[in-house]
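Encoded as structure tokens, the structure appears first; notes follow it.
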Amino acid sequence: MCNMRHIIDLSDLTEQEFSDLYKLTSNIIDRPEGYADACRGKVLGSLFYEPSTRTNLSFSTAMMRLGGSVIGFSDPGSSSAAKGETLKDTISMVSSYADMIVMRNPREGAAKAASMYSSVPVINAGDGGHLHPTQTLTDMVTILRLRGTAENMKIGLCGDLKYGRTVHSLLHFLERYRGVQLYLIAPDALGLPDYMLRFLKEHNMPFCQADSVEQVLPELDVLYMTRIQRERFADAQEYEKLEGSYRLTADKLRRAKKDMLVLHPLPRVDEIAQDVDDDPRAVYFKQARYGMFGRMALLLTLSKLPFERAGRQAIGAHGIKCANHKCITRTEPYLPLTGRVGERCPYCDAPLELLL
């Protein structure tokens with residue numbers, strides 16, 4: 001994995017790099033005690049600008065199980081960000097203390113921006129609704145360990161597909177596997193965004209759209225559930241009308257294949273009923289544990305690689321802006337932004353438009 005540096009999108013890894021990472025993850029799962037001192041003396045900078053339970057604790061636990069230590073914050077209100085410090089300055093400072101940085105930020109493209117100013121590897125732990133590569137690592141480890149392959153797989157993605165960064169990341173990565181059939185199960189208000197639909201079409205990834213879980217459940221090898229957030233709906237009654245269509249229960253699960261896997265990035269609210277938990281096909285808690293081992297493998301790999309900081313960055317945009325109001329370029333105006341109107345923003349993939 002000599003070319004791997006920052007982990008902004010898991011799809012940036014070559015097939016060989018991911019294969020090596022998966023093999024290391026499997027070795028750690030099978031013999032975790034053999035890696036207890038693998039990162040002794042290494043420091044992980046953990047920067048969580050928004051709430052997280054699983055990802056934050058998973059990374060911290062992964063580093064400690066490798067014998068390393070963790071610094072950072074889980075509340076931006078307790079950091080200098082509350083005083084108006086730029087992302088550039090925070091990253092420059094923390095990268096002088098730590099050997100690696102893991103960051104979650106509500107601004108889309110924030111991880112890409114951080115990587116431009118860091119003197120150590122940056123791992124994207126979620127940037128707004130954009131990407132979540134280590135959740136994709138978690139998902140793929142689960143699928144490969146329990147199913148053996150992701151090829152010729154029928155996978156249903158259910159819930160909030162519009163804002164779901166875990167879904168977007170997983171779709172990016174599944175592009176490399178043959179024979180994957182996608183079933184997109186979401187209300188119109190939360191369907192996959194246009195730029196992701198274009199991605200599927202450009203990469204010849206077959207998909208169909210469904211209005212309910214029951215509609216496609218018997219076809220699926222994997223069902224990837226996500227929570228539908230009530231706050232995404234302007235009309236509470238509209239949410240209540242749709243709610244049951246995107247809820248998995250033990251009764252509905254009777255229609256599924258005996259070996260289908262039910263995944264969920266968690267946390268869940270009510271989209272998977274509690275009576276599903278005892279079904280052997282429900283693997284979401286095992287999935288969360290696999291995520292910790294995958295992050296151990298990632299941290300260990302990055303800790304052994306030579307690193308060269310990116311060169312000097314230009315300042316500011318030139319006549320264009322990102323159309324996405326949640327893009328990191330909207331709050332960090334010093335970030336270089338080049339391209340033509342209509343092209344993808346290099347930070348968040350949204351289209352570029354004229355700066356008025």
In debye, nearest 20: dipole of the chain around its Cα centre with unit charges on the Cβ of K, R (+) and D, E (-)?
700
A correct Kirkwood calculation over the Cα atoms of the chain returns a hydrodynamic radius in Å of 21.1
Computed [θ] at 222 nm, deg cm²/dmol, the chain (DSSP H ≥ 4; -39,500 (n - 2.57); rounded to nearest 500)
-9000 deg cm²/dmol
With R₀ set to 35 angstrom, the calculated FRET efficiency between the beta-carbons of Leu355 and Glu175, to the nearest 0.05, is 0.65
Surrounding charge for Leu87, neighbours by C-beta under 15 angstrom, Lys/Arg +1, Asp/Glu -1, total +1
Sorting check: for 285-296, 5-16, 143-154, which peptide has the highest mean count of neighbouring beta carbons within 10 Å, and how do the rest follow?
285-296, 5-16, 143-154
Descending packing, highest mean Cβ count within 10 Å first, for 60-66, 43-49, 121-127, 253-259 is 121-127, 43-49, 60-66, 253-259
Judged on accessible area alone, 1.4 Å probe, highest first, Lys201, Lys42 line up as Lys201, Lys42
Putting +1 on Lys and Arg Cβ atoms and -1 on Asp and Glu Cβ atoms, find which of Leu190, Asn124, Leu171 reaches farthest to the positive end of the dipole of the chain.
Asn124
Kindly report, to the nearest 10 Å², the accessible surface of Arg344 as traced by a 1.4 Å probe over protein heavy atoms only.
100
Within the stretch 135-159, list the residues whose amide N lies under 15 Å from a label point set 7 Å along Cα→Cβ of Asp12.
135-137
Take every Cα-Cα distance within the stretch 1-93, group them into 5 Å bins from 0 onward, and report for each bin the whole-number percent of pairs it holds.
3, 11, 15, 19, 22, 16, 8, 5, 1, 0
Given a Förster distance of 30 Å, report the FRET efficiency between Glu33 and Phe207 from their Cβ-Cβ distance, rounded to the nearest 0.05.
0.10
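The values are calculated or read from the model by the stated rules, or taken from the named source; none is laboratory data. Small disclaimer: the values here were computed from a predicted structure and weren't measured. Ideal geometry is used to build each Cβ from the backbone, glycine not excepted, and the neighbour counts take in all protein chains shown. Remember, those area values only see protein heavy atoms, side chains included, never the ligands or the DNA or RNA. Shrake-Rupley method; radii C 1.70, N 1.55, O 1.52, S 1.80 Å.
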